[in-house]
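Shown next, in structure tokens, is the structure this report addresses.
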Amino acid sequence: MLRRVASALSLPLRRYFNPRFQSVQARLDSTLDELAVARKEIVRAENELIARNDRLTDMLSHDIEISTETTKVMGTYLADILAATEAIGLGVPEHVRRLAEGNVEDLDEAIAAVLSYAETPMGFAAQRGLFFNPPVWLGYEPSDVRVLGVNERIAEVPYVFGMLGQLPAGSRVLDVGAAESLVSLSLASLGHRVTAVDPRPYPLPHPQLQVVVGAIQDLEVDELFDAVVCLSTVEHIGLPAYGGTPADADADRVAMQRMRELTRPGGLLVLTVPYGRAAVDEFQRVYDDAGLAQLVGGWEVFDRRLLRRLDAITWTTADRVFDDTEMTAMIAARRID
Ligand SMILES: C[S@@+](CC[C@H](N)C(=O)[O-])C[C@H]1O[C@@H](n2cnc3c(N)ncnc32)[C@H](O)[C@@H]1O
């Protein structure tokens, strides 16, 4: 009863307010709808952001992996380079300084290789024209130095000095193919007036030494020589290794002829050449007896010795050809007329 009365009493009020509430309600509903759409949009955008972030993170971590790997590889290379640099003594001056005054036991592989290379005809000194073909060849090894071989100079050089031993000081001596050898300087130091002829310049000056850069075939002089030395040279003259052409096939004999013309009658010749079965290649000729006889035509031979290599370090005299070994002929002669 009471409720009905209240309802009746509130009817005007509800008639007044209801339409308004309905429009408020409608606006609220549409706002709620818009909010729901907006929320959905936010969620979608948020999800997309998260996805993008994940992709970015993936890409970054991939890049980081790659750059880490690259750094590792570069590190390994650098370590290798440093190790190699250290091994050959570059960038380690302290190590090299220590070796410069050190003991043979301190010799390591890298420094030994440098020292061995320096001994060769391609080494540093050779590149400055200062290679003097040593009779004894040395090889450097870690903590050691060994004799690798002995070449024919071991006998040839003393033979030259022996055969010229009776020459009075001040004699005029021609050294043909003088580079790579100390013979010219020694003869000048012994008081002779020496002419050193070679297409390569002789690098050691001396007041008694005249250097002629050129071929013996073209040498002109004012005064004839008392002696001519041709040590391990004529066998190379005119061959391709020394700039020759096929037209120079006889260049060895032409050269010998010129040596004879430049020596006074009675003057001396000291000649050394490879000996054995006659042969020729790009680098040198090997002379047999007939070839030797041609070389010394016009000279009277008064001493002739054959050398034979027994092994890497041993040479001995011989009285015949040994086909299987390296041999050298040494001849001393006098100009006949
Ligand atoms: C194997 S080396 C001998 C060098 C030296 N006599 C010695 O005892 O070691 C030969 C030399 O002959 C020289 N030579 C080559 N052709 C020559 C020529 N036509 N006249 C003079 N020397 C020549 C080369 O330049 C080289 O120095």
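What follows is calculated from the coordinates using simple rules that are stated; it is not laboratory data. Values in this document were obtained by computation on a predicted structure and should not be read as measured data. So basically every Cβ, Gly included, is an ideal-geometry build from the backbone, and we count neighbours across all protein chains shown.
For the range 263-278, 3J(HN,Hα) computed residue by residue from phi via the Karplus equation (6.51, -1.76, 1.60; θ = phi - 60°) reads 9, 5, x, x, x, 9, 10, 10, 10, 10, 8, x, 10, x, 6, 4 Hz, glycine and proline entered as x. Could you check what % of the DSSP bridge pairs in the range 203-337 are antiparallel, to the nearest 5? So the antiparallel bridges amount to about 75 percent of the total.
Based on the reciprocal of the average 1/r between different C-alpha atoms, the Kirkwood radius for the range 175-229 equals 11.1 Å. With the alpha-carbon atoms of the range 263-337 aligned to their principal axes, the span from lowest to highest coordinate is 40, 26, 19 Å, starting with the largest. Could you tell me whether the range 181-317 comes out rounded, prolate or oblate from its Cα gyration tensor? Rule is a ≥ b ≥ c as square roots of the eigenvalues, rounded for a/c under 1.5, then prolate if a/b exceeds b/c, otherwise oblate. Here the range 181-317 falls in the rounded category.
Close amide-amide hydrogen proximity is noted between Ser143 and Leu107, Asp108, each under 5 Å apart and 5 or more residues distant or on a separate chain (H modeled in the peptide plane; Pro and chain starts excluded). For Ala318, the residues whose amide H sits under 5 Å from its own are Leu306, Leu307, Arg308, ignoring neighbours fewer than 5 places away on the same chain, with H placed 1.01 Å from N. Full extension of the chain segment joining Leu138 with Glu94 gains 13.2 nm, where the gain is 0.36 nm per residue of separation less the Cα-Cα distance.
Grab the beta carbon distance between Val37 and Ala83, set R0 = 51 Å, and tell me the FRET efficiency rounded to 0.05. Could you put the intermediate results ahead of the total?
Working: r = 68 Å, r/R0 = 1.34.
Step by step, r from the Cβ atoms, then E = 0.15.
Computed extension gain for Val321 through Val114, at 0.36 nm per residue and net of the alpha carbon distance, reaches 70.6 nm.
Remark: the range 147-154, residue by residue, has Karplus-estimated 3J(HN,Hα) of 7, 8, x, 10, 9, 5, 4, 4 Hz, where x stands for each Gly or Pro and the curve is 6.51 cos²θ - 1.76 cosθ + 1.60 at θ = phi - 60°.
Taking amide H as placed 1.01 Å from N in the peptide plane, the amide H of Leu138 sits under 5 Å from that of Leu148, each at least 5 places away or on another chain. Converting phi to 3J(HN,Hα) with the Karplus coefficients 6.51, -1.76 and 1.60 and the offset θ = phi - 60°, the range 320-337 yields 7, 7, 10, 4, 8, 10, 5, 9, 9, 9, 10, 10, 10, 9, 10, 5, 5, 10 Hz in sequence order, with x at every glycine or proline.
Distance between the 7 Å Cα→Cβ label points at Ser23 and Arg264: 14.8 nm. Relative to the current alpha-carbon distance between Glu65 and Glu105, full extension at 0.36 nm per residue lengthens the span by 9.7 nm. Simple spin-label estimate for Arg200 and Arg277 gives 3.0 nm between the two label positions (7 Å along the Cα-to-Cβ direction from each Cα). FRET efficiency for the Ile313 to Gln257 pair, using the beta carbon distance and R₀ = 41 Å, is estimated at 0.65.
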